[in-house]
1. Taking 0.36 nm per residue of separation and subtracting the Cα-Cα distance, what length does fully extending E419 through H502 add?
2. Would you mind checking the pairs K121/K185; K9/K36; K36/K94; K28/K476 and listing those with alpha carbons more than 30 angstrom apart?
3. Of all accessible surface on segment 215-297 at a 1.4 Å probe, what whole percent is carbon and sulfur?
4. Place a +1 charge on the Cβ of each Lys and Arg in segment 488-552 and a -1 charge on the Cβ of each Asp and Glu, then give the dipole magnitude about the Cα centre in debye, rounded to the nearest 20.
5. Using just the Cα positions, wrap the chain in a convex hull and report its mean projected area in square nanometres, one decimal place.
6. Could you name the lysines whose alpha carbon sits less than 18 Å from that of K529, not counting residues in the same chain fewer than 8 places away?
7. Which one of Q252, I400, I369 is farthest out on the positive end of the charge dipole of the chain, using unit charges on Cβ (Lys, Arg +1; Asp, Glu -1) and the Cα centre as origin?
8. Whole number in Å², please: accessible area per residue of the chain, 1.4 Å probe, ligands, DNA and RNA not counted.
Amino acid sequence: MKKPREYRKLVGIAAAPGVAIGRAFIRKEEVPEIPKRKLDTDQVELEAERFLNTLHQVGDEIRRTQRLVEMEHGAELALIFEAQLFMLDDPEIKKQTLVLIRERQYPADRAFSVTLKQAKKMFAQIENEYLRMRLSDVMDIEQQVLIRLAGGELRALNALRANTVVVAHDLPPSEAVQLGQRRVKGLITDGGGANSHASIIARSLGLPTVVGTESASRQIASGDMVLVDGEEGVVHVNPTAPILRAYRSQVQRQVQRQLDLSSRRSLPARTRDEHEIALLANIDVPEEVQSALAHGARGVGMYRTELLYLGYRLPTEEEQVAIYSRIVEGMAPHPVVIRTFDLGGDKLSHVLESAPEANPFLGWRGIRICLDTPVLFKTQLRAVLRAGVKGQAQLLLPMISSLDEVRRAREVLQEVEEELRQEGVPFVEGCKLGVMVEVPSVALQADAFAEEVDFFSLGTNDLTQYTLAVDRGTPKVAGLYDSFHPAVLRLIAMTVDSGRRHGIPVSICGELAGDPLAVPLLVGLGLEKLSLSPGLIPEVKEVVRAIRQNEARELAAACLGMKTGSEVRQCLEEAAARIQKE
Ligand code: PEP
Ligand code: MG
């Protein structure tokens with residue numbers, strides 16, 4: 001008789017709410033070891049054939065993923081796969097590998113890897129940065145072909161069975177977007193924190209997620225049944241019947257609550273004492289506009305454009321115009337805040353192929369990359385200005401740390417406007433330019449910034465990280481990452497006050513905006529615009545409708561006077577309990 005699989009409970013960090021039950025798929029990323037052996041003469045032709053078949057298989061798998069991603073997320077995201085297919089079909093690479101198999105009697109894995117070594121060297125030396133980016137595709141293809149040759153499962157998240165829970169050591173954002181397939185029900189990772197980018201994407205896709213389990217990918221076997229509790233940050237591996245029964249009613253309540261909330265979608269986000277709070281959506285891919293509207297968003301408060309960079313090349317100006325126009329038109333007459341590429345840190349740093357940094361979050365990222373790479377920045381600015389004629393587009397600069405950066409960015413913007421004018425290309429004049437307040441220096445100098453920018457958007461994910469010197473993605477220090485820390489609250493308050501004094505709007509687009517516990521505090525601090533994952537809007541609106549602004553102000557003043565984040569949290573929990581009782 002088959003032995004029942006063993007029950008195990010893993011504890012991690014709750015990263016996206018909800019409960020999911022499914023079979024585990026372990027995403028492998030190790031490239032198998034390649035032994036230095038030689039083939040017998042009679043094996044050579046069979047090995048050559050095996051190699052060609054493998055290329056075929058991998059090509060089919062990539063095309064299948066490409067179709068899925070295109071169907072679910074649109075053609076832009078599917079661009080990433082073009083480069084890989086091109087590489088896989090390269091006649092030189094094929095020829096060279098076959099020569100090594102036939103003449104040197106190398107097994108296919110060794111022959112392929114030796115061939116790619118030369119290709120990798122060549123790509124690494126290319127001066128043109130866009131071509132150099134193809135190095136990451138060579139490495140990706142190498143990994144996929146070698147895993148297949150070794151008889152392993154492909155790393156790509158395609159061909160998944162229905163009701164799959166993906167278990168990974170870590171998941172780069174470029175792969176996280178593939179989780180939008182309907183068959184994926186949940187996500188578990190060893191690393192990461194609640195605000196790492198895979199978690200943010202999982203939340204926007206509505207996938208229950210637990211991160212920071214440290215060892216899930218080693219402790220869970222493919223095919224194990226797993227229950228992901230994204231509320232408590234717990235994973236039950238091969239859950240027993242009583243555990244499943246207990247969760248069944250929770251899942252039913254969850255479904256009922258979602259139905260209730262969406263039936264209240266068109267109600268205004270207004271406090272009991274009639275103050276309007278604008279709720280906007282953070283989106284990562286253009287297709288989320290529909291979900292944003294369906295959840296009652298009054299605009300896009302932040303579109304993270306860096307995911308457009310999933311392909312090996314910068315999307316052309318025309319491609320970007322088409323994408324931005326679709327969003328701006330889809331949201332009109334509401335505003336769409338387009339954030340310029342925030343590459344680097346943990347976001348797609350693989351496409352940059354710059355020298356490794358000891359502290360990537362303190363290194364070459366966000367606006368720094370854009371200002372150093374004019375073609376990247378100018379192409380994007382031109383596209384946003386051109387799309388702006390279709391509705392209301394605004395520009396947002398990420399990772400600003402000094403006013404010089406704003407001034408340089410404005411100069412480039414003016415140059416771009418002048419070029420478009422000269423060319424006679426229609427574009428929007430006087431596009432609003434705002435900055436993310438996510439580095440403490442900006443909050444501390446908010447008055448100076450307010451004189452030169454059109455709006456502030458508080459990025460509390462990074463603001464917390466940089467204020468407390470706590471990496472947002474490291475599980476070991478996740479307990480120290482606390483956006484309720486009074487130091488973070490003071491920086492928020494300083495920014496809001498400065499915005500008010502100078503008459504410029506202040507919004508918040510960090511994950512704090514989607515935390516129902518934080519909402520009375522944020523309203524009390526004077527924020528009138530919150531931008532959050534579309535799926536969280538109905539819940540946040542319920543909180544807004546249940547509070548009074550004058551009481552929220554008193555609550556915020558009390559929190560600002562507290563000494564620790566845990567005191568603030570306790571105070572907010574008590575306030576939430578009072579609000580619920582009313
Ligand atoms: C932030 O830092 O709060 C933010 C919204 O930006 P991101 O999460 O994309 O870094
Ligand atoms: Mg940020």
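1. On the way: separation 83, 0.36 × 83 = 29.88 nm, distance 3.12 nm.
Length difference between fully extended and current span is 26.8 nm.
2. In this structure, K121/K185; K9/K36 lie more than 30 Å apart at Cα.
3. Carbon with sulfur: 51 percent of the solvent-accessible area.
4. I would put it at about 240 debye.
5. Its Cα hull, projected and averaged over all orientations, spans 28.8 nm².
6. K432, K541
7. Q252
8. 43
The values are calculated or read from the model by the stated rules, or taken from the named source; none is laboratory data. Bear in mind that the values here come from a model prediction, so they are computed numbers and not experimental data. All Cβ positions, glycine included, derive from the backbone under ideal geometry; neighbour counts span all protein chains shown. For accessibility, only protein heavy atoms count, side chains too; no ligands or nucleic acids. Shrake-Rupley method; radii C 1.70, N 1.55, O 1.52, S 1.80 Å.
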